[in-house]
Each structure stands twice: as structure tokens, then as C-alpha cells.
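The values are calculated or read from the model by the stated rules, or taken from the named source; none is laboratory data. The structure displayed is predicted, hence computed values, not measured ones. Reconstructed Cβ throughout: ideal geometry from the backbone, glycine too, with neighbour counts over all protein chains shown.
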Amino acid sequence: MIRPPRAAFVTLLAAALGVSLASGAEAAPGSARTAQVQAPAVLAPAKAEGVAPTAAGVRKALTPILADPALGKHRGIYVYDASRDQPVFSFGATTPYVPASTLKLLTTVAALDAIGADRTFTTKVVSATPGSLILVGGGDPLLTVKRQKDPTDYPTRASLQDLAASTAKALKAQGVRSVTLGYDASLFTGPAVNPRWQPNYVPEGIAAPTSALWVNEGRLTPGMAKRADSPAQAAASAFAAQLRAAGVTVAPALRAAVAPAAAKPVAQVASPSVGEIVEYVNLHSDNDGAEVLLRHVGLATNNGGSTVGGVKGLKATLTKLGLDVSKAQIYDGSGLTRTNLVPLHVLAGAVRVAVSDDHPELRHLLTGLPVAGFSGSLEDRFATAGTGSGTGLVRAKTGTLTGVHSLAGLVRDRTGTLLVFAVASDSVPVPKTLDARAALDRASAVLANCGCAG
């Protein structure tokens, strides 16, 4: 899916949060910006705080929805008043839930904090001996074979095509026309396939073996398709083809290697920033991108580049941010495994810290959230009865597995109060899947339309 222009997302988010977009710089006389400032306001700005919601008011609004039998027996919601920094209401929140993809909120907020929003990941080519190249993976989850044709596709990704062009130019300057090629994916360690995933996930293209070196997330063809058994080797084969197209002869044998520390740099390309990757992962619910970010969290927190190390780093980071993860059981970064169990206050907590004035560095978590009825995994949602009041106002991460449905995000209610919420059920009867999903949409839409003061 092509992402709408970034400016539209930032404007929508600023309107929801009541955040000013002004940079503080003065406009030149007669500039378009001056005209905009002088023009009469079309809409009144959002208030910093609206009417304070009460537990009784929120309960009254939500009870009929939470009683929907389509949600099954284990269903719950947690609502937090971010305008006043206090919890408001919870139901069924004493026990943790299978989060499905709402777990990505925890992975991405930890990535922003532990790694940094401006960090990029480098894919590079080095040479240990003359005529011998090693393609070194830096854990770029969005690396592609060819450069993007559509400039509106967000974010702009690094490509092997550009890396090959730079490599060929450097080699020709040295008088080198023929090379051998190895590949190094040693940045990440541990099993490439999470042992807690369902055995069909990789064969059916739901997820790839996680690798520090891959292109198109290991896909052999576009879409949710078969993944390469060795994404790193497939990436090396694609790079060899790009080198040959750039006029360099590459020996047929491609071997796994570990680049020596003293190897000379030849060329490199950089990924989008972590902030941009976080936006992409949450907007599109990208399982593979989330798993790569989890490994980077492990590395950034000195716990190693494995899934186990990533989870250790994730929990430590969330604890540092003030989230109580003592009752959370987390085994991956994407939410694919059903053995994950997370309290609703922790899922909402990722959004809560991201909206906090204390953590402006976490804002990419918010700008990447799908908008109800408009973008990402919520583009086709909020189209049933009782959900219209949430369209365009609810911003939330979705979670979906068979029998499991969840939403976690934020909404500013009609009085101006900013509410953070997490609502979930992991006991949905399969025939009631669409009804349960609609019930979750109604719950968040009710919050959008709620003064809830009494």
C-alpha cells in the first residue's frame, strides 16, 4: 500500500494531540505562511484538556459493547486519561491477554528508546583481499533489490542496485573487473525461526527466517509469498546479479563468511531511520520488520542479537520507561506466537509514554499508528454501525490471530481529553470474528464520542 503524504499524517496527529506545527521561525513578508497565519481559523484549536472523564461515565458508555457475546468470555479494556496522567477505567484487565500484533507497540517503543529514532542500519561491501568482496548485512529490514520507482512510497529504502552501482564504480577505479563474493549475516545470532511460531508461518510466507541480511524481507516473489530458506544467500545472489548488470564479473560460488575487522570498505547504503521504520512497521503491521527491530534492541542493550537477547532488552527498556512488565510473557517482537501474554495496561502504556511530554523522542510511535477508516491496518475498519464517530479520530495498532483481536492506541474525545486505551479479546469464537472486530471498533469509537463525565 502507498502511504499518503507524510504531511497529512503529521497534520492529523497534531490536530488530535493539540500539538503546534509552527517551527518558531518568522515568515518572510508576503509569504504563503504569513497568509496562513493571518487567515481566519476554520476550526478552533483542540483544547489541552477537556472534561475529565469518570469511571462511572466510561463504564456506562462501554458496558453494552463489552457485553457483546461475540467477544467471548475473556475480554477487557483499559482506559487512561493522558490529559491528566491518570487511569480512568478498566474491565477484565486483571489477567493478561494474547496481544497478537499489538505487541509491536512494545517492540517499536523499545526500539525508539534503546536505539534512537535517527539511527540507520548500513549494508556494506568490504574487501579483505584484492578481488574478494564480502556483502555485510547491517540488519536493514526494508532493504530492496532495486531502487523505488514511486517517490511517494514511504519510506525511501536502500537498494542493492545502488550498492552495486557504487561498488562497480569503486572497483573500476581500481582496475578490478572480476571478483569473488561472500556474504556476512553474523550480526544476528540464535535461531532464525522462532521455535514458538506455528510451523506453517514460514512455509506460507507469514514470516521469514529473521536475518541481518535480506532483501524484500526474504521474499522470492512479491506479496505474502514463499520466503527463501536462506535470506542472506538469496540477498547475495541478488547482489551478484546487480553487480554483473553493472559490468563486474562475479564468480558463481557464493559463500557465507565473516568479514575481518581490517577489511577495507568499498561501498555502502543506509536504511531509513529507525523512526521511519517504526512508522512503517506499525502502519502495515510488518511482522518481519518487528522481528529485526527486536534483535537490534538486544544489541543496543548489550544483550546480543538473538530473539532471547532482544526480549531481555525489550523488557529492560520498558521497565526503564516506567511500564510494569512483571506479569508479561513475551517471546517474540511481532506478536505471532500465542504464548505471548501481556496485561492491557502495558499495551496502553507504550502509547501513554509516547504521548508524554517527557518523551518527545518516542513520537514516531504515534505518527505511524493506523488512522481509523483511512490508513494501514485500519483502512477497511470502522465501516459498521456504531463506529462512524471514530473514523479519522481513532489511531490504533491492530492485533489479529485466529480467535484473538485487539486494538491499542489513542483518541481525543469530543471535549478535548486525550484518552489512551487497549481493548482485547483472546476467546473469540471463529464464526464471530467479524462481529468481534466490529465490537472493538465500536468501543474505541464510543471513547471518541464520549464526554463520559457522569
For the stretch 404-454, which residues satisfy the criterion of being buried (at least 19 other Cβ atoms within 10 Å of the Cβ) and part of a loop (DSSP other than H, G, I, E, B)? Asp413, Thr417, Asp426, Val428, Cys450, Cys452
Quick one: how many residues across the stretch 380-397 are outside any loop (DSSP other than H, G, I, E, B), of a type outside the set (Lys, Arg) and buried (at least 24 other Cβ atoms within 10 Å of the Cβ)? 2
When (1) in the same structural domain as Glu217 (by TED's automatic domain parsing); (2) surrounded by fewer than 17 Cβ atoms within 10 Å (Cβ to Cβ); (3) in a loop (DSSP other than H, G, I, E, B) are applied to Leu142, the one that fails is (2)
Give the residues of the stretch 337-379 that are in a loop (DSSP other than H, G, I, E, B) and either outside the structural domain of Asn287 (by TED's automatic domain parsing) or polar (S, T, N, Q) (or both), sorted by residue number. Thr337, Thr339, Asn340, Ser356, Ser375
Residue satisfying all of: in the stretch 136-172; touching an Asp or Glu at 6+ places or on another chain (Cβ under 7 Å) and among the hydrophobic types (A, V, I, L, M, F, W, C); nearest to Ala246 (Cα to Cα) among these: Ala158
Residues to consider are Thr152, Thr167, Thr221, Thr210; find the one that is of a type in the set (S, T, N, Q), crowded, with 17+ Cβ neighbours inside 10 Å and either under 25 Å from Ile330 (Cβ atoms) or at pLDDT below 95 (or both). Thr210
Every listed condition ((1) closer than 25 Å to Asp286 by Cβ; (2) modelled with pLDDT under 95) holds for Gly190 save (2)
Leading residue by the ranking (nearest to Val430 (Cα to Cα)) among those in the stretch 61-80 that are buried (at least 22 other Cβ atoms within 10 Å of the Cβ) and within 28 Å of the chain's Cα centre (by Cα): Leu71
Mind listing whichever residues of the stretch 65-93 are in contact with a Lys or Arg (Cβ under 9 Å, 6 or more places away or on another chain) and over 21 Å from Arg352 (Cα atoms)? Ile65, Leu66, Asp68, Pro69, Ala70, Leu71, Gly72
How many of the residues making up the stretch 271-309 are crowded, with 24+ Cβ neighbours inside 10 Å and either without any contact (Cβ under 8 Å) to a residue 24 or more places away in the chain or at positive phi (or both)? 1
Going through Thr210, Thr249 one at a time, which residue ends up being among the hydroxyl-bearing types (Ser, Thr, Tyr), assigned by TED's automatic domain parsing to the domain that holds Gly182 and over 18 Å from the mean Cα position of the chain (by Cα)? Thr249
When every residue in the stretch 196-207 that is buried (at least 18 other Cβ atoms within 10 Å of the Cβ) and at pLDDT below 95 is compared, the one nearest to Val292 (Cα to Cα) is Ala207
